[in-house]
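Trainee: Shown below is the structure under consideration.
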Amino acid sequence: MRRSTALFFAILLAAFATVHAQVVSTATTRETSITVGGMASIFQPDYQGDCCDSQGYIIASAGSQPLFGVGAYVDVRLRRWIQLEAEGRWLRYNQYQNIYQDNYLIGPRLPVYQIWKSTAYVKALGGFSKMNFDSLPGHHGRFTDLAFGGGVDVKMTKRLSLRLVDVEYHYWPKWGDSTISPYGASMGIGYKIF
């Protein structure tokens, strides 16, 4: 009886040690990271200049001349499903009638699909945009901007990533007596700080 009791306790002790050893993970990964990057953009400003109704009110009208610009972004990953993106974009090139737009936005970013080294994401950003349209004297300002979009980031090395594509649809709910909806695409490169 003593041998069977001793054998039982030895097996129980060995099982406990094995289970306990498997509970502790051998490696941990850092969930928090910050990536900063730069991008080049092309946008349709949704205004072509000198476009007014019969009463002289400015109305939105998509032009055929896109704006080009540069921008910067910061992606903050707190956890897999908790991420933020902040971006600034200055669309100052290829102006028609001195029309340009600057965007300053921040909001949640959600990774939706990952394959190989690529991550597809969606985002919803809010903030403000500045617009200049000097074709009409005194017409410029700062406007509320809501942006919805998504894209694909490709990890190139441990620190570098390629923003293969990033598309956005903007909605300015109060633009004079109207609304406008600029849209466009960007691509760039990012550097993971930590």
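Trainee: Can you give the net charge of the other residues whose Cβ lies under 12 Å from the Cβ of residue 153, counting K and R as +1 and D and E as -1?
Mentor: Numbers: positive: 77, 109, 117, 123, 155, 163, 192; negative: 75, 85, 166.
Counting the neighbours of residue 153, the net charge comes to +4.
Trainee: Between residue 65 and residue 193, what FRET efficiency follows from the Cβ-Cβ distance if R0 is 45 Å, with the result rounded to 0.05?
Mentor: Values: r = 37 Å, r/R0 = 0.83.
Rounded to the nearest 0.05, the efficiency is 0.75.
Trainee: Find how much the distance from residue 158 to residue 78 grows on full extension, using 0.36 nm per residue of separation minus their present alpha carbon separation; answer in nm with one decimal. Before the final figure, lay out the partial values.
Mentor: Details: separation 80, 0.36 × 80 = 28.80 nm, distance 1.81 nm.
Length gained between residue 158 and residue 78: 27.0 nm.
Trainee: Using r as the Cβ-Cβ distance of residue 171 and residue 34, and R0 as 35 Å, what FRET efficiency do you calculate, to the nearest 0.05? Could you put the intermediate results ahead of the total?
Mentor: Details: r = 28 Å, r/R0 = 0.81.
Result of the calculation: an efficiency of 0.80.
No lab work stands behind these numbers, since they all come straight from the coordinates. These numbers come from a predicted model, not from an experiment. All Cβ positions, even for glycine, are placed from backbone atoms using ideal geometry, and neighbour counts span all protein chains on display.
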